[in-house]
Amino acid sequence: MTVTAQEQQSRLASPWTRGAAAAVAGALPALAFPAPSLWWLAYVALVPWMLLARSAGSPRRAALDGWLGGAGFMLAVHHWLIPSLNVFIVVLALLLGALWAPWGWLVRRLLGAGAVGPARVGPALVLLPCGWLMVELVRSWQYLGGPWGLLGASQWQVAPALRLVSVGGVWLVSLLVVLVNTAVVALIAVPGVRRPAAGALLAAAVLTATAWLWTPRPQAAGSTRIAVVQPGVVATPAARLDREMRLTGQLAGSHPDLVVWGESSIGVDLAARPDVAGRLAALSRQVGADLLVNVDAPRADGTGISKTAVLIGPGGVTGQSYDKMRLVPFGEYIPLRSVLGWATSVGKAAGEDRQRGTRQVVMDTGRLRFGPLVCFETAFPDMSRHLAGDGAQLLVAQSSTSSFQHSWAPAQHASLAALRAAEDWRPMVHATLTGISAVYDADGRRVGRRIGTGSSTTAVYEVPLASGRSLYVRFGDWVPHVALLLVLAAAAYELTRLVRRPVPVPR
């Protein structure tokens, strides 16, 4: 028995059915990210969602399709948070999904059945990618959850895309992906505009090929030996410290320039525990390299808890420490705790807020200048860009992901290091407590082996260093800024038309 198009339309007329369809269509792009990593799907994954919004019977319905699709996308990309946040993740998805309501309205306005034609397709090919980028830009604000799941990040293992991010950051790849989706929708559903839609696809292909072949590349500048210590799953902070020290001791004779431990690798305040600090200094002397550890413990001076990267040399703590600046909402602090504090009763939200750092730091071992980042901060393109601009030769991320062992989170998190390395022309080390730990060179290509989840081991990487400044480091977030100007110009044009429209005079 076949179902006719009229019957399908009748079924979608139900607000509940249509809402569910929008949520499912919005969730589809999540499959392009790790762990499935169906990167090619990203270029058509938005098509069902856009076709649905295009067919909406009213602007209000199109905005609702955009909202529910955005909620579905947020829930799918962050589904591994469900055990921690429980039902609260649905509330957050609905709140963030509202950012896509204007985008759904815009899809219908530019590609809807009553507004199609060659004159509309051109603006659609420009404004729909720019509108999507505005959503990504707004939700990248750390207090709204940060830039996890940016559409361009799904292309982390595609060589041409990694070259593009060195020009305009991950934003340029997001723009390109939405442009391709928009052109495909026009080819499928908009009669008489195949030529401009095909031209847009050709332009996207030419832009990508040109960037891949002709964009400047980083210049080789020697190498450095980096050791990563991954303790694996342990029961207590004390047991973790013992295992980390035992594993690090095995590195004696391997001649690393730096040994990196993961996030929350130290569970005591070193200022209050000189015995632990002394053991770490002795370990540094034994291995012949500085140790980068991460302290997650109440401070003895009563100023609270922070995630602090600390460099340990043969004489003890050396140089400046770095306090994590971008904290995970609900995981490390609760926004408006007086209002939203009930989240702790339905999930594993933070019982106590971590203290936020105020400045980034470039650390120097004497042999290597590197910029530390802590966990969630690798999702923010601006943080690694500033470190590269401040002279860091290497980017180092300390992470944990211990709470999300058997989910997509470890693979998603490790993939971000490839993007940041390619954006900034600086190799990046991603070291975790329980995996996935990985290293990428300045082109975003993996160096050596990945350390999988659950492994308890060490690895030494010969990491090639690079010199030069990428276009992204030089010019920053110029792509979203240009997109914002185009959206504002379009809005001003429409407002001008509305104001100048003649008022009909009654007879």
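Worth a mention:
- Selection within region 413-427 - open to solvent by 10 Å² or more (accessible area, probe 1.4 Å) and of a type in the set (A, V, I, L, M, F, W, C): 416, 425
- Region 446-455 - residue that is in a loop (DSSP other than H, G, I, E, B) and in contact (Cβ under 8 Å) with a residue 12 or more places away in the chain and, of those, nearest to residue 467 (Cα to Cα): 447
- Exactly one residue among 64, 96, 92 is crowded, with 20+ Cβ neighbours inside 10 Å, closer than 23 Å to residue 19 by Cβ and touching a strand residue (DSSP E or B) at 6+ places or on another chain (Cβ under 9 Å), and that residue is 92.
- Residue 36 vs. criteria outside any helix (DSSP H, G or I), open to solvent by 20 Å² or more (accessible area, probe 1.4 Å), at pLDDT below 95 and out of contact with any Pro (no Cβ under 8 Å at 6 or more places or on another chain): yes
- Evaluation of residue 390 against the conditions (1) open to solvent by 20 Å² or more (accessible area, probe 1.4 Å); (2) farther than 25 Å from residue 239 by Cβ; (3) under 17 Å from the mean Cα position of the chain (by Cα) shows that the sole unmet condition is (3).
- Residue pairs meeting the criteria (Cβ under 7 Å; at least 6 apart or on separate chains; first within 21 Å of residue 77 (Cα to Cα) and without any contact (Cβ under 8 Å) to a residue 60 or more places away in the chain, in region 409-433; second open to solvent by 10 Å² or more (accessible area, probe 1.4 Å) and assigned to a helix (DSSP H, G or I)): 410/404
- Unmet requirement for residue 435, which otherwise passes all of (1) assigned to a loop (DSSP other than H, G, I, E, B); (2) out of contact with any helix residue (DSSP H, G or I) (no Cβ under 6 Å at 6 or more places or on another chain); (3) not hydrophobic (A, V, I, L, M, F, W, C): (2)
- In this structure, residue 124 qualifies as part of a helix (DSSP H, G or I) and hydrophobic (A, V, I, L, M, F, W, C).
- Residue that is farthest from residue 107 (Cα to Cα) [pool: residues in region 457-507 that are among the β-branched types (Val, Ile, Thr) and more than 28 Å from the chain's Cα centre (by Cα)]: 505
- The listed residue being buried (at least 24 other Cβ atoms within 10 Å of the Cβ), of a type outside the set (Phe, Trp, Tyr) and more than 22 Å from residue 415 (Cα to Cα), out of 183, 161: 183
- Some residue of region 90-103 being in contact with a helix residue (DSSP H, G or I) (Cβ under 8 Å, 6 or more places away or on another chain), touching a residue at least 40 places away in the same chain (Cβ under 8 Å) and of a type in the set (Val, Ile, Thr): no
- When residue 238 is tested against (1) within 30 Å of residue 454 (Cα to Cα); (2) aliphatic (A, V, I, L, M); (3) within 28 Å of the chain's Cα centre (by Cα); (4) open to solvent by 60 Å² or more (accessible area, probe 1.4 Å), only condition (3) is not met.
The values are calculated or read from the model by the stated rules, or taken from the named source; none is laboratory data. Note that the structure is a prediction, hence the values are computed from the model and not measured. With ideal geometry, Cβ positions are generated from the backbone for all residues, glycine too; neighbour counts draw on all protein chains shown. Ligands, DNA and RNA are stripped out before the accessible areas are found, and what is left, the full protein with its side chains, is counted by its heavy atoms. Shrake-Rupley method; radii C 1.70, N 1.55, O 1.52, S 1.80 Å.
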